[in-house]
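Peer 1: Once you've had a glance at the structure underneath, I'll fire off some questions.
A short reminder: the numbers here are calculations on the coordinates, not readings from a lab. Small disclaimer: the values here were computed from a predicted structure and weren't measured.
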Amino acid sequence: MASIFQILGVLLSLAASGYTLSCTHCSSSSDSCTGPNVTCPYGFVCGAIYIEGRVTGTIIFQSYQMACMTQDKCDITGSGTIPQNAKIKMGTSCCATDGCTPPPPSMPQDSSVSNGVACTSCISMDSAYCYSSDKIQCTGDEDRCFLQATKASGQTPKYTAVRGCATKSVCDLGSRSFSSEGVKPDNYVICGSRDGLTTHGAPGQ
Ligand SMILES: *[C@@H]1O[C@H](CO)[C@@H](O)[C@H](O)[C@H]1NC(C)=O
C-alpha cells in the first residue's frame, strides 16, 4: 500500500513538472500574425499584444505579437500621448488551450479630461534621450510621464526617444513584456508620476 508520503511525492512531482501549454510565437506590423507553436514555461498562457499609433485618428503604425505570457499580463489596456497629437494605444488578451488564438485585445477609450499632470513632450530620432521645453497636459488615465527609448537593429546602434504622457499599465508592461531573461531589450520605458525624468542611458546596455 502506498504511503501518504509516496502519494504526496507523486502529487508534488506532478505539480513541479506541471502542465505546459504550447502557444503561437509571431509578430507582425498588422493586427494579426501566424507562426510556429512553441512550448511555454510552466504557468504561462498564450497571449496577444496589439499596439497601434494614430495621428489625429489615422493609423500610422500597428504591431501585433503572440507569445507565451504570464497571466498578470492578460487583459491589460493602456495608452500614451506624444508630440504632434500622436496617440499610442495597446491591449492584451489571452487564451489557455494548446495553439489557441487569443481574442482581439480591446482598446482603451479616448479621454479629453485633463488630470492635472503635465509632461515634457519631445521626439529624438538619433538619441536615447530627448528634451524640450514643450509640455503637454495629460488626460484621462494617462497620469505618468514616460520616456521610451528604442534601439534600432543594425550594425551601428541607432536610438530614438520619445516622451509624453502614459497610463500606469504602459509603464508596468514597458520593455519587460516579451523580453526573455538574459536577452537585452531593444526597447525600454521609464516612467515617473511627475515630470522629473532625468535618468537616461542606452537600451541594451
Ligand atoms: C499550433 O497548434 C494548433 C492546435 O494544436 C494547431 O491547430 C496549429 O496547426 C499549430 N500551428 C502550427 C504552425 O503548427
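Peer 1: Is the shape of the stretch 48-182 best called rounded, prolate or oblate, per the rule: a/c under 1.5 gives rounded, else a/b larger than b/c gives prolate, else oblate, with a ≥ b ≥ c the square roots of the Cα gyration tensor eigenvalues?
Peer 2: Because a/c hits 1.5 or more and a/b fails to exceed b/c, the stretch 48-182 counts as oblate.
Peer 1: Expressed in nm to one decimal, what extension gain is obtained for the pair I123 and Q109 from 0.36 nm per residue of sequence separation less their Cα-Cα distance?
Peer 2: Here the answer is 2.6 nm.
Peer 1: Using a Cα-Cα cut-off of under 18 Å, which lysines could be cross-linked to K151, ignoring same-chain neighbours fewer than 8 residues away?
Peer 2: K184
Peer 1: Would you grab the residues whose amide H sits under 5 Å from the one on N115? Only those 5+ places off in sequence or on another chain, please, with H modelled 1.01 Å from N.
Peer 2: C138, T139, G140
Peer 1: Amide H to amide H, which residues 5 or more places from V38 or on other chains are under 5 Å from it, using H placed in the peptide plane?
Peer 2: C23, T24, H25
Peer 1: Also, quick follow-up: Kindly write out, for the stretch 140-150 in residue order, the coupling ³J(HN,Hα) from the Karplus curve 6.51 cos²θ - 1.76 cosθ + 1.60 (θ = phi - 60°), rounded to whole Hz, with x marking Gly and Pro.
Peer 2: Whole-Hz 3J(HN,Hα) from phi for the stretch 140-150: x, 7, 7, 10, 10, 8, 10, 10, 10, 10, 10.
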